[in-house]
There are 4 protein chains.
Amino acid sequence: MADLFWPGSERAHDIFTNEAFLAAMVNVEQAWLEASDPGTEVCLVDLVTGDDLASLAADAEADGNPVSGLVALLRRRSGVKGVHRGLTSQDVVDTALVLCLRRALDRITFDVERQARALVRLAAHHRTSVMPARTLTQWAVPTTFGLKAATWLQGLSAATGRLNQCRPLPAQIGGAAGTLAAPAELAGGTEAALSRATDAAQRLGLAVAPPWHTERSILTEHADALVAFADLWGRIGGDVALLSRPEIGELREGAGGSSSTMPGKANPVLSVLLRRHGLTAPGHAATLHVAAAASVDERPDGAWHTEWDALRSLARHSVVAASQAADLLEGLVVNTDRMAERVVVAASTLTAEQRSMGGAGDDASNYLGAADQLITAALERAALVWRDLA
Amino acid sequence: MADLFWPGSERAHDIFTNEAFLAAMVNVEQAWLEASDPGTEVCLVDLVTGDDLASLAADAEADGNPVSGLVALLRRRSGVKGVHRGLTSQDVVDTALVLCLRRALDRITFDVERQARALVRLAAHHRTSVMPARTLTQWAVPTTFGLKAATWLQGLSAATGRLNQCRPLPAQIGGAAGTLAAPAELAGGTEAALSRATDAAQRLGLAVAPPWHTERSILTEHADALVAFADLWGRIGGDVALLSRPEIGELREGAGGSSSTMPGKANPVLSVLLRRHGLTAPGHAATLHVAAAASVDERPDGAWHTEWDALRSLARHSVVAASQAADLLEGLVVNTDRMAERVVVAASTLTAEQRSMGGAGDDASNYLGAADQLITAALERAALVWRDLA
Amino acid sequence: MADLFWPGSERAHDIFTNEAFLAAMVNVEQAWLEASDPGTEVCLVDLVTGDDLASLAADAEADGNPVSGLVALLRRRSGVKGVHRGLTSQDVVDTALVLCLRRALDRITFDVERQARALVRLAAHHRTSVMPARTLTQWAVPTTFGLKAATWLQGLSAATGRLNQCRPLPAQIGGAAGTLAAPAELAGGTEAALSRATDAAQRLGLAVAPPWHTERSILTEHADALVAFADLWGRIGGDVALLSRPEIGELREGAGGSSSTMPGKANPVLSVLLRRHGLTAPGHAATLHVAAAASVDERPDGAWHTEWDALRSLARHSVVAASQAADLLEGLVVNTDRMAERVVVAASTLTAEQRSMGGAGDDASNYLGAADQLITAALERAALVWRDLA
Amino acid sequence: MADLFWPGSERAHDIFTNEAFLAAMVNVEQAWLEASDPGTEVCLVDLVTGDDLASLAADAEADGNPVSGLVALLRRRSGVKGVHRGLTSQDVVDTALVLCLRRALDRITFDVERQARALVRLAAHHRTSVMPARTLTQWAVPTTFGLKAATWLQGLSAATGRLNQCRPLPAQIGGAAGTLAAPAELAGGTEAALSRATDAAQRLGLAVAPPWHTERSILTEHADALVAFADLWGRIGGDVALLSRPEIGELREGAGGSSSTMPGKANPVLSVLLRRHGLTAPGHAATLHVAAAASVDERPDGAWHTEWDALRSLARHSVVAASQAADLLEGLVVNTDRMAERVVVAASTLTAEQRSMGGAGDDASNYLGAADQLITAALERAALVWRDLA
């Protein structure tokens, strides 16, 4: 989806677009129809297209969500009055959000594995590429670029571990107030209703869970996991941007951005765009949390409606950033000569601590502590997280 | 712009859409072209259309912003190499953002005046409509609905006063690093360059200001003013939603929303959507502030890019909410009978304080303090803010 | 710690106070001393007291953190020059933060179990207490208070599950740049250094992890888990506050707050204070995330310093809210008579959907769907989370 | 107040401490007592001290705020039953918050003027100190350090202009529900009640305004102004931290911080602590805005209680940062030699644009555009904001 306000947006293709959301809602209605009437041959999927978006969106305000309009359209075009019977608007919207989110997560997982491969390579390849560690902007003691890449990898393992721990995304099927009263009425009993709900969830490939109309932790849990990645990518972008400064020059993006007026300029564009995501994502998650805390009654009076845009933005931006971070890391150019020269220039500072410990302090390369072991540990940890990296 | 994720989005029409942003950028280039060459007959405006959006957006990532691609397109189609000469990407993006924001503010101002008219009417009409004041959810002492409307009006006057105090929106024209070096080189001197910058700003109807590439207070100042309205509309939405509860029933939206499954339901949809905005807007403003604080160097490495989406969302949502709030207030149904009945039911509680003061405490209508004077004061204040309300 | 700005603060006792933080830092130095010199009989613990706080805090600004001043004091008073040798300031501050956080989590876990017991009791006891479900503020279909309590319990199980999944809190021992160079220098090798780090962590009862000076996910992971509880408690507070409104009156806090001027008023104070936490916590977590994303180099230039106050506030507030929520739920008064009366009053609305499904629609109690099964499921889930609840 | 979690906290002395807040509340009660009984000789001020804090704080939870406990204490110790008669808790808390805030603003204003003086000096003194402008981390075109200082000054003028535009801080006197019913009852009429409210406000040196129990824009307006400063100081801290990197070395703090383990290290500590404030402040303001949007009824059910801690933190941190920024700017060491050397090294890059414009491009000093005029304009603007700077 073209978005001049968020360069790189195309990387998310049709994930979590209006069209995708609409299609997901239709899929939910289809799954419910089939679960309710297993022999049905009705297919709703082709009945609604992107051409309907404008009118559906215009109708959405009347009820506060787009479901009533969509249901009317589906019933009219399919001639099937039973469409949506037993569901409530929130069932459809929430399950569709989950379907969109799942596609985003799949894509992110793919690009995260690309990042992992690149980081494993960088950490292993630069085990002995000595460079100055910097603390509070100043030269501190020596480190290696391999260890820096390893701490990025450590962060990637942690974020991935966290995402993997998230509960499987569930369908939302509860009826008007999360009691499944209408499904039970229609199915002829609560067991049959619960069974239909399970069936519909399975048709969508989603987990089965009790209704969560006002218990929104499944969304915030995933949002927080996305922000954990945003934090990491923002940090990597920050590190690369800093070390790409011409006075430092120890890193460089494989393909830098140009300038509209200054010839020859090579900007660390991917880093810059990753930093953007790191500055933006926490606000969206905070909005989702405030909304979760305001989710009163059996359907909240505004908190629910707050979630959709925040979740969409957070998820799409995350897909974009995952891809950008993979590109950045795969293409990263490490200038080990500059690092080595700087270690010479900074030698006296970098070894001052060692001398104060009574050590020789004559060669920064001899004051690397456990850098090598820490790299190995990070690689081992990664091998557990991504089984088939090697 | 159809957006299923933000019901009501159509109310903002084409304000701050991608198309509008693109057109604004072209307008900036046009104004600069004319300021640089007053006799030019080149018209860039029709050379780029919405059909170019996809390719421009795709190109935008390479440099981190869409200007280089746009400039190439304009130069190619116009055959004029001088397009953009002297400007920098940030000049074009920032000035275009300001042009989009100005349209949003114009629209908001229009709807705010509608709100003011409605509130003046409500406050005046319900001077003596006694109802329970509620504190910490519980009945406290009596008040009038006129005074409640007057405190809403008080908030509207304050937010409007604040928006009116914002500095006029300026163009951004500074060249690569805010020194106007390129304009000076091209114009043959700094005075001529400053004069061109002034000319271009005036052609766009914008104020003239020193370059603000990293001094972002003009944006945060306006963003904060928009959030001040969001706070108010969220509060009004919250009050109406509460007082629309069936157990209370003292207020009702003129046209309530329906349900996809429950017949006869009338939901306070506008209130709900206003609360949504009140929960969302502060996050966008916080993002803009964090970005402002990270605006280092002569163009920041990510903070600038963070602003565009946040500002667009905040501004568009504000336009939507301004219109919704106006509709809500114009259509608000006040059930004075229910208020009066409740005052009878709650009489003993509402007059307990008066009795504890040694007063008669026999009639809530006799314990309204300065409610009447406070209403008058709010009306007088409003008459100063909106000169031609009456 | 007395804090007029956050009523209820005393519930957190000395958790995460300045005194506790100071003591924790001393404990870190002690553990490191013992790990470095297992036979040492030096005890630092009594050498520094709350009386030193003012001067240590005053000195803290010079280096940006309080460690240098503390180390100087400990060396002077103990006469042991080896105090802190091999560590860096961030090792001490981070490990002390973790120790404070652990105490907060222990306390929260205790009160969460109290909440679980209360909710299990409420859900089971009110399986058949029919009340109106409310969606978008309006009566929808019938539900039971047991199911409402069960969805609260569902949220508590989810939040607890999430906290339980957090990685164990690790010590931070990495030396100036996370390479353990100084420990290795002092211990005579990297294996010995890593062994010392492990020993120190174990003495503090903390997990062993690679240095995380700029990989801050261990903190954000725990912060997010705390916000997950805040969301839940805010929601419970919101539900109770709403249902405590005099017009509704279906719930009531066991001991309501009074008013400074209105006799007889009983405010839902605990609910109000829980809502406060729900509105506040997301901002602190967002700050921690923005800081994590800005954690560049081997020690960041401001992001690290941003964390301490945010984490302290979030953790202390969480301890307070955990205790308040437990009290609220243990003392909650459920007015089943009011619920039953309301179901009668609202009968026509509550059964409209059932009638539209072709059902009898004559008795709200016959339209509860799977409420009973959902309660049972929530109780079973809780029995897995808290093994010894029954 | 010693706070290890926020180094530099002592700079705020007793501003917005618990003791100050308590004293402010007593002052409010005193002013009201005198306004209600002009001839009274009762002095409440010495009746309550910091020794009462612990018990008052402990009592505060019962009602959700500390006023009832305080009033009971004042009545008991003074023997005057009329203390607080006519007021409500929120009157006392809000007015006391305003009194604390005013002291913070006074202090900030003082330090902002110090900053203005320092910036005027830097901008004027370094009019011709050529240095590379940096955009997206890379060298762009030349600028001068004088212009960089001028853009900081431009930001300071803007933030100060904004603070000066804030409405004067008003007392809050409205009684239980903002109608002044109790004051009117006691004073014998509404005119007398309004007159008493005016009198009390004037005794406290505060403005008179209609009650604002749920119209919180006076607080958010000031909070936003404080964040505007935080943005600026964060930006200055970021610029100084960057330019203090050893590879760049163009700026240096007058007195750098040291390290607990690395001898000879000089960290840009003030810059780091200013960046901390810039990362933290937006979250507090966002919390205040969300609270403002949730301020329903005549006193909200949690939103009000949310404000106190957020406002206290924001205000105290702002006082600290104002002082730190003044110290930073007064002591800033500008290494013009390094700047000049770098301009030589970077010459080819810095003049590339000029050459592409057809200019000579042989000397960066000849491509400064309107830098000089822009400095002059910033100085003139500052002279209007701070009349007696020179």
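Details
- For region A:277-299, the condition holds for no residue, the condition being that it is assigned to a loop (DSSP other than H, G, I, E, B), open to solvent by less than 10 Å² (accessible area, probe 1.4 Å) and at the interface with chain B (Cβ under 7 Å from one of its Cβ atoms).
- Failed condition for B:S78, given (1) modelled with pLDDT under 95; (2) open to solvent by less than 50 Å² (accessible area, probe 1.4 Å); (3) away from chain A (no Cβ under 14 Å): (1)
Here's the yes/no breakdown for (1) hydroxyl-bearing (S, T, Y); (2) under 25 Å from the mean Cα position of the chain (by Cα); (3) on the phi < 0 side of the Ramachandran plot:
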residue	(1), (2), (3)
A:R117	no, yes, yes
A:A140	no, no, yes
A:T144	yes, no, yes
A:L163	no, yes, yes
A:A184	no, no, yes
A:D224	no, yes, yes
A:A228	no, yes, yes
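- Checking each residue in region D:2-37 for being free of Cβ contacts under 8 Å to residues at least 40 places away in the same chain, more than 21 Å from D:D91 (Cβ to Cβ) and aliphatic (A, V, I, L, M) picks out D:A2, D:L4.
- Selection over region D:328-338 of residues that are surrounded by 20 or more Cβ atoms within 10 Å (Cβ to Cβ) and out of contact with any Ser or Thr (no Cβ under 9 Å at 6 or more places or on another chain) gives a count of 2.
- Within region D:339-365, considering residues that are in a loop (DSSP other than H, G, I, E, B) and loosely packed, with under 14 Cβ neighbours inside 10 Å, the one farthest from the other protein chains (Cβ to nearest Cβ): D:D362
- Selected residue [at negative phi, of a type in the set (S, T, Y) and facing another protein chain (nearest Cβ under 7 Å)] from A:S195, A:S244: A:S244
- Filtering region B:366-380 to residues that are open to solvent by 10 Å² or more (accessible area, probe 1.4 Å), touching a Leu at 6+ places or on another chain (Cβ under 6 Å) and not in a helix (DSSP H, G or I) leaves only B:G369.
- Condition check for C:V320: over 24 Å from the mean Cα position of the chain (by Cα), of a type in the set (V, I, T) and either assigned to a helix (DSSP H, G or I) or at pLDDT 95 or above (or both): no
- Selection status of C:L219, open to solvent by less than 10 Å² (accessible area, probe 1.4 Å), touching a residue at least 12 places away in the same chain (Cβ under 8 Å) and at negative phi: yes
- When we screen D:A193, D:A207 for residues that are over 30 Å from D:G155 (Cβ atoms), touching a helix residue (DSSP H, G or I) at 6+ places or on another chain (Cβ under 7 Å) and of a type outside the set (S, T, N, Q), the only hit is D:A193.
- Residue match in region D:115-123 (condition: within 14 Å of chain B (Cβ to nearest Cβ), buried (at least 24 other Cβ atoms within 10 Å of the Cβ) and touching a residue at least 60 places away in the same chain (Cβ under 8 Å)): yes
- All of C:L163, C:L186 fail the test of being within 9 Å of chain A (Cβ to nearest Cβ), in contact (Cβ under 8 Å) with a residue 24 or more places away in the chain and surrounded by fewer than 21 Cβ atoms within 10 Å (Cβ to Cβ), apart from C:L186.
- Hits in region D:182-223 (condition: small (G, A, S), closer than 20 Å to D:Q30 by Cα and part of a helix (DSSP H, G or I)): D:A182, D:A184, D:A187, D:A192, D:A193, D:S195, D:A197, D:A200, D:A201
- Some residue of region A:86-106 being of a type in the set (S, T, Y), open to solvent by 10 Å² or more (accessible area, probe 1.4 Å) and either touching a Lys or Arg at 6+ places or on another chain (Cβ under 9 Å) or within 9 Å of chain B (Cβ to nearest Cβ) (or both): no
- Count - residues of region D:1-52 that are more than 30 Å from C:C100 (Cβ to Cβ), crowded, with 19+ Cβ neighbours inside 10 Å and of a type in the set (V, I, T): 3
- Residue ID - farthest from the chain's Cα centre (by Cα), chosen from residues in region D:243-274 that are in contact (Cβ under 8 Å) with a residue 12 or more places away in the chain and open to solvent by 20 Å² or more (accessible area, probe 1.4 Å): D:A266
- Within this structure, C:L136 fails the test of being modelled with pLDDT of 95 or more and in contact with a Leu (Cβ under 7 Å, 6 or more places away or on another chain).
- Any chance C:A60 is of a type in the set (G, A, S), in contact (Cβ under 8 Å) with a residue 24 or more places away in the chain and crowded, with 23+ Cβ neighbours inside 10 Å: no
- Residue match in region D:309-321 (condition: at the interface with another protein chain (Cβ under 7 Å from one of its Cβ atoms) and open to solvent by 20 Å² or more (accessible area, probe 1.4 Å)): yes
- Yes/no for C:T109 being modelled with pLDDT of 95 or more, crowded, with 23+ Cβ neighbours inside 10 Å and not small (G, A, S): no
- Search result, residues across region C:222-242 that are farther than 19 Å from C:E113 by Cα and open to solvent by 10 Å² or more (accessible area, probe 1.4 Å): C:L242
- All of (1) open to solvent by 10 Å² or more (accessible area, probe 1.4 Å); (2) within 23 Å of B:D337 (Cβ to Cβ) hold for B:W152 with one exception: (1).
- Exactly one residue out of C:L226, C:L232, C:L273 is more than 8 Å from every other protein chain (Cβ to nearest Cβ), within 29 Å of A:A285 (Cβ to Cβ) and part of a helix (DSSP H, G or I), and it is C:L226.
- Filter result (closer than 22 Å to B:A72 by Cα and not aliphatic (A, V, I, L, M)) within region B:88-124: B:T88, B:S89, B:Q90, B:D91, B:D94, B:T95
The values are calculated or read from the model by the stated rules, or taken from the named source; none is laboratory data. Since the structure is predicted, the reported quantities are computational estimates derived from the model, not experimental observations. Methodologically, a virtual Cβ is constructed for each residue, glycine included, from the backbone with ideal geometry; neighbour enumeration extends over all protein chains shown. These area figures cover heavy atoms from the full protein model, side chains too; ligands, DNA and RNA do not enter into them. Shrake-Rupley method; radii C 1.70, N 1.55, O 1.52, S 1.80 Å.
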